[in-house]
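For reference, the structure discussed in these notes is given below.
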Amino acid sequence: MKILLVEDEPLLRDGLSDLLRGAQHEVDAVGDGLSAVARGLEGSFDLVVLDLMLPKLDGVEVCKRLKSARPTLPILMLTARGSEDDKVRGLLEGADDYVVKPFGARELLARVLVIGRRAQPAISERLEVDGCVIDLGRCSVERDGITTELTAREVGIVRWLHKHRARAVSRAELLEHVWRVPATLQTRTVDMTIANLRKKVERDAGEPRIIVSMKGIGYGWGGP
C-alpha cells in the first residue's frame, strides 16, 4: 500500500518508515499536522498512520479534516495516551483503528494489513458498462459481438480508474501506479494508451462515456 506516515519524533518516524517499507509498503512521511493535511489532500494514499500528539495541528483535527475531504481514506491512529476519552475522540472523528504506544512491530503491521484489506473495494473481473463487457481476468473486451484483446497496461488503467471511480485520477497517478515509473516523468504515454483503450471499449471514441476526461486533472470512470 501507499502509506502517509505522520509522526513528529524523528527517530520513531524513521524507524516506522523502515518497518513499513520492509513490509513492502510505499511510505511518505511528514512530521506535523499541517503538513499531514496538505500532503494527505494532494496525494493518493491507501492508508494514513497518524500520531495523535503533533505540532501545529493535533492528530484528531488532522483526522477530521482528511475524513471530511476523503471519507473512505483509512486512518490508523497512534497514541501514547491510554485514556478512553482520547481513543473515543479519534474514533468519532473517523479513525478506523488505533494503537497505543509502546506497541510491537508485529502488532502494527498486522493492524495495517487488516485495515488495508478492509478498505479494498471489491472489483469484479467482469465489468458491464454502456453495452460493453470488459473481462479483466481474460484481458479482453466485447462490444457488439466482437471480442478485442486488452494489453496489460490497458487492464491496469481500467482497474485503477474503476477502483477510484468516485474521483478524478491524474496522469501522474496512472504513471506511478500502472506504469510504476516516477510521477514527474514527462511523457504522452498515458494519453496515447488511453486513446487506444477508448477505441476498444467506447461506442464512439470521440465521445467517450466509459473512460472520460476530467479537464485540468486527468481521467475518470464514467460507468457505475
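Structure above, values below:
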| item | result |
| --- | --- |
| Filter result (under 19 Å from residue 60 (Cβ atoms) and part of a strand (DSSP E or B)) within segment 1-16 | 4, 5, 6 |
| Qualifying residue in segment 23-37 (condition: of a type in the set (D, E, K, R) and within 25 Å of residue 178 (Cα to Cα)) | yes |
| Members of segment 170-187 found to be surrounded by 11 or more Cβ atoms within 10 Å (Cβ to Cβ) and more than 20 Å from residue 211 (Cβ to Cβ), listed by number | 181, 185 |
| Options 41, 19: the member that is outside the structural domain of residue 164 (by TED's automatic domain parsing), more than 16 Å from the chain's Cα centre (by Cα) and in a helix (DSSP H, G or I) | 19 |
| Filter result for residue 132 (farther than 28 Å from residue 47 by Cα, in contact with a helix residue (DSSP H, G or I) (Cβ under 9 Å, 6 or more places away or on another chain) and in contact (Cβ under 8 Å) with a residue 60 or more places away in the chain) | yes |
| Scan of segment 204-220 for residues that are touching a strand residue (DSSP E or B) at 6+ places or on another chain (Cβ under 7 Å) and in a loop (DSSP other than H, G, I, E, B), ordered by number | 210, 217 |
| Residue that is modelled with the highest pLDDT, among those in segment 141-185 that are basic (Lys, Arg) and farther than 17 Å from residue 220 by Cβ | 143 |
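For (1) basic (Lys, Arg); (2) surrounded by fewer than 22 Cβ atoms within 10 Å (Cβ to Cβ), each residue gets a yes or a no:
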residue	(1), (2)
35	no, yes
38	no, yes
42	no, yes
51	no, no
56	yes, yes
61	no, yes
64	yes, yes
68	no, yes
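The values are calculated or read from the model by the stated rules, or taken from the named source; none is laboratory data. What you see is a predicted model; the values in this text were computed from it and never measured. Using ideal geometry, Cβ is built from the backbone for each residue, glycine included, and neighbour counts are taken over all protein chains shown.
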